[in-house]
1. If you take the residues in segment 53-105 that are at pLDDT 65 or above and aromatic (Phe, Trp, Tyr), which one is farthest from LEU5 (Cα to Cα)?
2. For segment 488-510, give me the residue count where each residue is β-branched (Val, Ile, Thr) and either buried (at least 16 other Cβ atoms within 10 Å of the Cβ) or in contact with a Phe, Trp or Tyr (Cβ under 7 Å, 6 or more places away or on another chain) (or both).
3. If ILE198 meets every condition in (1) touching an Asp or Glu at 6+ places or on another chain (Cβ under 9 Å); (2) surrounded by fewer than 12 Cβ atoms within 10 Å (Cβ to Cβ); (3) not aromatic (Phe, Trp, Tyr) apart from one, which number is that one?
4. What are the pairs with Cβ atoms under 8 angstrom where one residue, in segment 173-196, is hydroxyl-bearing (Ser, Thr, Tyr) and the other, located anywhere, is surrounded by 14 or more Cβ atoms within 10 Å (Cβ to Cβ) and in a helix (DSSP H, G or I)? Sequence gap at least six, or different chains.
5. If ALA422 passes every condition in (1) small (Gly, Ala, Ser); (2) surrounded by fewer than 20 Cβ atoms within 10 Å (Cβ to Cβ); (3) modelled with pLDDT under 90 but one, which one does it miss?
6. Checking PRO213 against (1) modelled with pLDDT under 85; (2) over 25 Å from the mean Cα position of the chain (by Cα); (3) farther than 23 Å from LEU255 by Cβ, which test does it fail?
7. Determine which single condition ILE163 fails, assuming it passes every other condition in (1) buried (at least 16 other Cβ atoms within 10 Å of the Cβ); (2) closer than 24 Å to ALA341 by Cα.
8. State all residues of segment 138-147 that are over 17 Å from the mean Cα position of the chain (by Cα) and at pLDDT 80 or above; if no residue qualifies, say none.
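The values are calculated or read from the model by the stated rules, or taken from the named source; none is laboratory data. This structure is a prediction, so every number in the text was calculated from the model and none was measured. Ideal geometry is used to build each Cβ from the backbone, glycine not excepted, and the neighbour counts take in all protein chains shown.
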Amino acid sequence: MKAILYLIRKEIKNAIIDLFHHPVKLISYLVIIALLGFSLFSGTKSESHSSGKYLDIRILHGIYLAILLFIGVPGILTGVKSGATFFKMCDVNMLFVSPISPKTILGYGLVKQMASSILMMAFLMFYAGMATSAFGVTIGQMLALVAGIALMVFMMQVLVLLIYSFSSGRPGRIRTVKICVYAMLGAMVAFAFGSFLINGANMEALLSAIASPNLELVPLFGWIKGMIFGIITGNTMHIVLYAVLNSIAIAGSILLFANSDSDYYEDVLQSTETSFALRQAVKDGRSVGMNSMNAKPRKVTDTGINHGWGADTFFFKHMREAKRKSRIPYIRTSTIVLLAANLILIIAIQKISGSDGEILAAGYLMGIGLAASSYILFFLNAAGDWTLELMKPYIYLVPEKPFDKLFWASMSTLMMPVIDGAVIFTALCVILRANPFTALICVLIYASMGFVYTAANVLSQRVFGQLANKGLIMILYMILLVVLMAPGIGGSVALYILARQVPGIVMGLPIFVWNLLVSVGIFYACRNLLNTVELSK
């Protein structure tokens with residue numbers, strides 16, 4: 001135990017020293033702390049001066065449960081294949097060979113994971129000001145909401161570790177776990193949407209459906225939500241009940257795993273090596289590269305790249321790899337999920353507006369779908385194929401201009417939102433019988449959002465030496481995106497105010513053109529990113 005405590009103490013000390021050796025990071029973190037304080041202060045101030053009119057708290061119920069599902073479900077599905085690990089390769093090299101009890105090492109890993117979950121609260125606290133002003137929650141209640149999300153992340157890691165040890169190497173068990181997860185998710189969506197339709201398909205029915213106490217009976221996700229909102233509402237029975245259930249779930253998972261016949265070192269070693277090898281390509285612990293390394297062998301019918309010359313060979317290489325992963329390249333699971341989410345959203349809005357005697361224009365509904373999809377894309381815009389190329393020496397050795405290599409290596413990543421947007425908004429256009437030009441501008445804007453997100457990741461790689469998808473750097477990433485996209489959005493808003501009769505395709509052009517120019521500008525400014533190999537620690 002003394003050795004573990006010594007290791008923790010040294011890790012904290014070295015992290016602080018390393019921060020002072022990188023002034024850019026230190027300044028960035030100080031700026032983030034200042035912005036966080038301003039966000040909390042502004043939220044408290046607006047709350048104290050509010051007239052007392054807040055949004056219905058049931059909206060927050062639905063949003064919070066959706067966030068928990070968004071974090072937990074993909075993590076479990078990915079973890080079933082690749083497993084979970086609390087360790088880095090330095091831990092493997094030092095701890096796994098040391099004369100320390102495996103259970104002590106497991107405890108050390110759990111503590112580290114809990115600390116990581118707490119650190120992510122800094123990013124989520126930026127929503128505190130908005131939550132306090134919109135729903136009237138206090139700073140203490142907002143801390144409870146964020147703590148619940150951190151608890152979800154921690155519980156997911158522990159559960160994935162148990163599930164992986166149970167199903168590893170057993171395809172039948174893996175399918176069973178996936179079926180159970182999909183069935184649970186489908187049952188929740190079906191219950192909420194069915195309750196909405198049965199109870200009148202109006203706003204009251206929607207709020208009652210998403211805040212239904214029945215959804216709190218769902219293991220883990222519902223239990224955490226029930227416990228947190230029990231704290232917010234002061235419901236002692238819910239606090240005690242769901243706190244006990246969550247404690248049993250965590251303790252039970254740890255005890256079952258610790259007492260299982262599986263070799264702990266064997267279970268986590270491959271996951272640790274994979275995580276280390278693809279660390280720069282990981283988005284919230286998930287990446288295409290990691291999935292491909294753990295996927296089942298596929299029958300290869302076509303070999304060779306057969307296209308391209310020079311820098312554009314990287315693009316055709318990625319196309320070949322995508323074809324091996326799916327018969328329809330770039331039609332991903334997230335494409336289907338986004339389409340389903342948009343359809344449910346549009347149907348719900350149509351039903352609610354119809355119950356109030358209003359009929360919303362198809363273009364207006366398409367705009368709502370565009371806004372929601374663009375926001376979700378921010379979280380789904382995982383590190384693409386170009387980041388995997390940065391981990392190999394070949395892209396640096398190709399005798400082409402650095403800008404050409406960066407552009408063509410990123411082309412497959414840039415194409416994904418184009419294809420997603422074409423599928424989603426074409427389907428919405430057909431269903432809503434909207435103007436095809438409206439669907440076209442929605443596709444262009446959605447694609448341009450993906451361009452900006454990718455360009456901002458390139459900029460983060462250039463400035464910080466790592467992607468803007470982890471920890472506190474994501475806060476600066478979000479602020480940077482707001483600044484970059486503000487002129488284009490402002491131009492479209494001004495055009496809407498000054499000339500409302502202008503067609504939607506013209507009204508959306510400022511956003512598209514500006515996002516395109518900003519993306520190209522960032523790519524050109526970072527053109528020398530591939531000029532010299534810079535290996536991160």
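1. Going through the qualifying residues, I end up with TYR54.
2. Start the filter on segment 488-510 by keeping residues that are β-branched (Val, Ile, Thr), which leaves 489, 493, 497, 502, 505-506.
Now drop any that are not either buried (at least 16 other Cβ atoms within 10 Å of the Cβ) or in contact with a Phe, Trp or Tyr (Cβ under 7 Å, 6 or more places away or on another chain) (or both), which leaves 505.
Qualifying residue count for the region: 1.
3. (1)
4. THR176/SER167; SER195/ALA205; SER195/SER208; SER195/ALA209
5. Only one criterion in (1) small (Gly, Ala, Ser); (2) surrounded by fewer than 20 Cβ atoms within 10 Å (Cβ to Cβ); (3) modelled with pLDDT under 90 is unmet by ALA422, namely (3).
6. Just one mismatch for PRO213, condition (1).
7. Exception for ILE163: condition (2).
8. Taking segment 138-147 first, the residues over 17 Å from the mean Cα position of the chain (by Cα) are 138-145, 147.
The answer is THR138, GLY140, GLN141, MET142, LEU143, ALA144, LEU145, ALA147.
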